[in-house]
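Enquirer: Submitted below is the structure of interest, expressed as structure tokens.
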Amino acid sequence: MPPPLSTLGVFHTFATVIAIYLGVEALLTTGYIDLKSRNGKAYWLLTAFGCVSTIWLVARTGSYGPGHVLAVIILALLLP
């Protein structure tokens, strides 16, 4: 049985699921993510939180993996 999620893990999961939903919704309705809109800002913020918390959660797993590398790449892409 996998270990239970920490509080940070719960917030990480919740934030990233909402970010994915907002991103898909924006892409399906307008074809792009408008960072000037409220949903676009929420997408950016939740995605950034998800990436930072992924890197922070490495302390729990003890090693870096492909997900951590992807989080660093996504963070670099989020920078203006």
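The values are calculated or read from the model by the stated rules, or taken from the named source; none is laboratory data. Note that the coordinates shown come from a computational prediction; the quantities given were computed from them, not determined experimentally. Neighbour counts are summed over all protein chains in view; Cβ atoms, including those assigned to glycine, are modelled from backbone coordinates with ideal geometry. Keep in mind that these areas ignore ligands, DNA and RNA; they rest on the heavy atoms of the full protein, side chains included. Shrake-Rupley method; radii C 1.70, N 1.55, O 1.52, S 1.80 Å.
Enquirer: Quick one: would you say Y21 is out of contact with any strand residue (DSSP E or B) (no Cβ under 7 Å at 6 or more places or on another chain), among the aromatic types (F, W, Y), open to solvent by less than 60 Å² (accessible area, probe 1.4 Å) and not in a loop (DSSP other than H, G, I, E, B)?
Expert: no
Enquirer: Moving on. Residues of the stretch 1-46 being in contact with a helix residue (DSSP H, G or I) (Cβ under 6 Å, 6 or more places away or on another chain) and polar (S, T, N, Q), which ones?
Expert: T16, N39
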